[in-house]
Amino acid sequence: MKRAGFLLTVFFVPTFAFASEEAISRRDGFLVLWQSIQRKTEETRESPFTDVPEGTLGYAEITYAKRRGILDDTQDRFRPDDSLMLEDALLWLFRTRSIDEIEKMRREDLPELLARYPLGKFIDAGTAAESPTIKDRTIPEKELLLLMQDLDRLLREEQHEVSLYAEKFHGDGTAFGETFDMNALTAAHRTFPHNTLVRVTNVENGKSVVVRINDRGPFVEGRDMDLSLGAFVSIADRAKGKIIARFERLGDSALVSTCGDAPVLYQQRITKDLRFIRGVPHSLSLGHSLTLTATRPFVVRSVLYPDGRSERLQDFVLKDERFTFTPSVPGEYQFRFGSIYGRSRMMRMKVEACDEDLD
């Protein structure tokens, strides 16, 4: 069930709020978007961009995204240090969120995508004739983060028709080569990546279940997900057959903890020569502390809390020192770390209040 909207032919964005802020680079901007979805990168035979060779910051993520069509640059150069333009930022934002098939998220599709998901304060052309179009302006990091938060909120609020599949398909192969088990907590979706965890909430009763995407579908007009029988009956009566639900995409099952046995991976590299020892986990249980040491001195520039509060730190941590942070509430924390020479990288950490933390 898609969000109602209208087709925009011309659209403008305000510049007054961010005009004085420095634009984020294409490399850093893409890594901010990629890290926010906690999607696993896989080895690929895709030829890398000539200016993002192996061993440089973002090589794995940028090359994998090129292979998946998220980055559509037709030339062999990515221009990683150029300023990120708003048009590219919006395209990458929609594509990393997998809101539609890649071939339906081209540059010419941006007006329709923005009609479905209005982001920020887009100004009508008739009242802002002097405002630059999205092709002509750069975007600072702060605005990029706000656009991400805005789209993610809209996606969490969006309602979808969800059905179930069970005995008829039990034991068959899925689109990703698995054997379908109707009793497992899995789901089929047309665009979410394989192994993505999604929290599905029944709008009628508020019940939720976390499922893993292991199949493609449904292919019935108007429906956005097929739940396995085990997942469906955990939030609704089987007799209903279909429900209206909300989705919250959590990330790859190998990177996201749901207070179970899923392995936790760590974010380690700030620059090519600066790495954390162990690093920042993608998820952490409430009541535990984050402790960081690195191969070289580093800077903790800022922390963004789950409630939107931002704390600017600029703490310098020497090679033999430690940085310790203890989350006080569950939610997502965003850390901006940097080298003493100015390069920086954002890392996100999801803090969960697991049952074991409440004992």
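The values are calculated or read from the model by the stated rules, or taken from the named source; none is laboratory data. Not measured: the values here are computed from a predicted model. When we count neighbours, we look across all protein chains shown, and the Cβ atoms used for this are built from the backbone with ideal geometry, even at glycine. The accessibility values were calculated without ligands, DNA or RNA, using every heavy atom of the protein model including side chains. Shrake-Rupley method; radii C 1.70, N 1.55, O 1.52, S 1.80 Å.
Identify all residues within the stretch 5-32 that are open to solvent by 90 Å² or more (accessible area, probe 1.4 Å) and either in contact with a Cys (Cβ under 7 Å, 6 or more places away or on another chain) or at pLDDT below 80 (or both); write none if there are none.
If the condition is that a residue be open to solvent by 90 Å² or more (accessible area, probe 1.4 Å) and either in contact with a Cys (Cβ under 7 Å, 6 or more places away or on another chain) or at pLDDT below 80 (or both), then Phe6, Leu7, Thr9, Phe16, Ser20 are the ones that fit.
In the stretch 66-95, what residues are surrounded by 19 or more Cβ atoms within 10 Å (Cβ to Cβ) and part of a loop (DSSP other than H, G, I, E, B)? Don't jump to the end; show me each part of the working.
Narrowing the stretch 66-95 to residues surrounded by 19 or more Cβ atoms within 10 Å (Cβ to Cβ): 66, 70-71, 78, 80, 84, 86, 88-95.
Those that are surrounded by 19 or more Cβ atoms within 10 Å (Cβ to Cβ) and part of a loop (DSSP other than H, G, I, E, B): Ile70, Leu71, Phe78, Pro80, Leu84.
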Answer with yes or no whether Arg336 is touching a Lys or Arg at 6+ places or on another chain (Cβ under 6 Å) and of a type in the set (Lys, Arg).
-> yes
Reported set for the stretch 33-55 where residues are surrounded by 16 or more Cβ atoms within 10 Å (Cβ to Cβ) and touching a helix residue (DSSP H, G or I) at 6+ places or on another chain (Cβ under 7 Å) is Leu33, Trp34, Ser36, Ile37, Thr41, Pro48, Phe49, Val52
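Can you tell me how many residues within the stretch 169-204 are of a type in the set (A, V, I, L, M, F, W, C), in contact with a helix residue (DSSP H, G or I) (Cβ under 9 Å, 6 or more places away or on another chain) and part of a loop (DSSP other than H, G, I, E, B)?
4
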Tabulated pairs, the stretch 178-199, first free of Cβ contacts under 8 Å to residues at least 12 places away in the same chain, second open to solvent by 30 Å² or more (accessible area, probe 1.4 Å) and in a loop (DSSP other than H, G, I, E, B), C-beta under 8 angstrom, 6+ apart or interchain | Thr179/Gly171; Thr179/Asp172
If you go through the stretch 231-242 one residue at a time, how many are surrounded by 16 or more Cβ atoms within 10 Å (Cβ to Cβ) and not in a helix (DSSP H, G or I)?
-> 4
Which residue pairs have Cβ atoms closer than 6 Å, lie 6 or more positions apart in sequence or on different chains, and pair a first residue in the stretch 210-230 that is within 12 Å of Pro193 (Cα to Cα) and assigned to a strand (DSSP E or B) with a second residue that is of a type in the set (Ser, Thr, Tyr) and open to solvent by 20 Å² or more (accessible area, probe 1.4 Å)?
-> Arg212/Ser253
Among the residues of the stretch 39-57, is there at least one that is β-branched (Val, Ile, Thr), under 26 Å from Phe192 (Cβ atoms) and not in a loop (DSSP other than H, G, I, E, B)?
-> no
